[in-house]
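Structure record follows, encoded as C-alpha cells.
Bear in mind these aren't lab numbers, they're just calculated from the coordinates by the rules spelled out. Everything numeric here is computed off the predicted structure, so don't read it as measured data. Cβ sites come from the backbone with ideal geometry, for glycine too, and all protein chains shown count toward neighbours.
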Amino acid sequence: MPTASVILVIYSEQPDHFKSNETPVHALGAELWVGREFKEQMIPEFCYGKRGDEVAVLPSLILEEFSKRFAELYNQGKRFQRFAAKVHRHIEDCPVANPFQPTTNSAAK
C-alpha cells in the first residue's frame, strides 16, 4: 500500500533563495499525496499582516486538519505527525491573490 504524505507549500517572492526568519511568507498551503498520486490540497492561508508567531503555528494546524479530514481514508487512521517535505513556490503560482498587488481594472480609470 502506498504511503500517504502531506507536503507543506510555502509561497514567497524568493522561493529559490528562501531563508527562514528573513524571507517574508506570502501564504502557506499543503498537498496530500498517496505514493506518486496527488489527492487533495488546501487553499493556501494568506500570511501577509500576520505576526511571526501566528504564521509559525499554521503548520501544526494544517497537519491537524489534514489528519481530521484524511487520516482515516488515506493513512490507515493514523494522524499525520510531520510534513514529508517542504516545497517553495513563487507567489505568482499561489491561488490566493495578493491584496497589495495593483490590478489593471479599466473601471478604475
Size of the dipole of segment 4-97 about the Cα centre, Lys and Arg at +1 and Asp and Glu at -1 on the beta carbon, nothing else charged, in debye to 20?
380
Please figure out what share of the DSSP beta bridges in segment 4-97 is antiparallel and state it in percent, rounded to the nearest 5.
70
Please sort 26-38, 79-91 by packing, taking for each peptide the average over its residues of neighbouring beta carbons within 10 angstrom, highest first.
26-38, 79-91
To make sure I understand, if each residue's beta carbon is the centre and we count other beta carbons within 10 Å, what order do Met1, Met42 fall in, fewest to most?
Met1, Met42
What number, rounded to the nearest 500 deg cm²/dmol, is the helix-based mean residue ellipticity at 222 nm of the chain, given -39500 (n - 2.57) per DSSP H run of at least four residues and division by all its residues?
-7500 deg cm²/dmol
Write down, largest first, the equivalent ellipsoid semi-axes of the chain in whole Å, where each equals the square root of 5 times an eigenvalue of the alpha-carbon gyration tensor.
29, 16, 13
Angle between the Cα long axis of helix 52-74 and the longest principal axis of the chain, 0 to 90 degrees, nearest 10?
40
Label-point separation in nm, Asn21 to His88, each point 7 Å along Cα→Cβ:
1.6
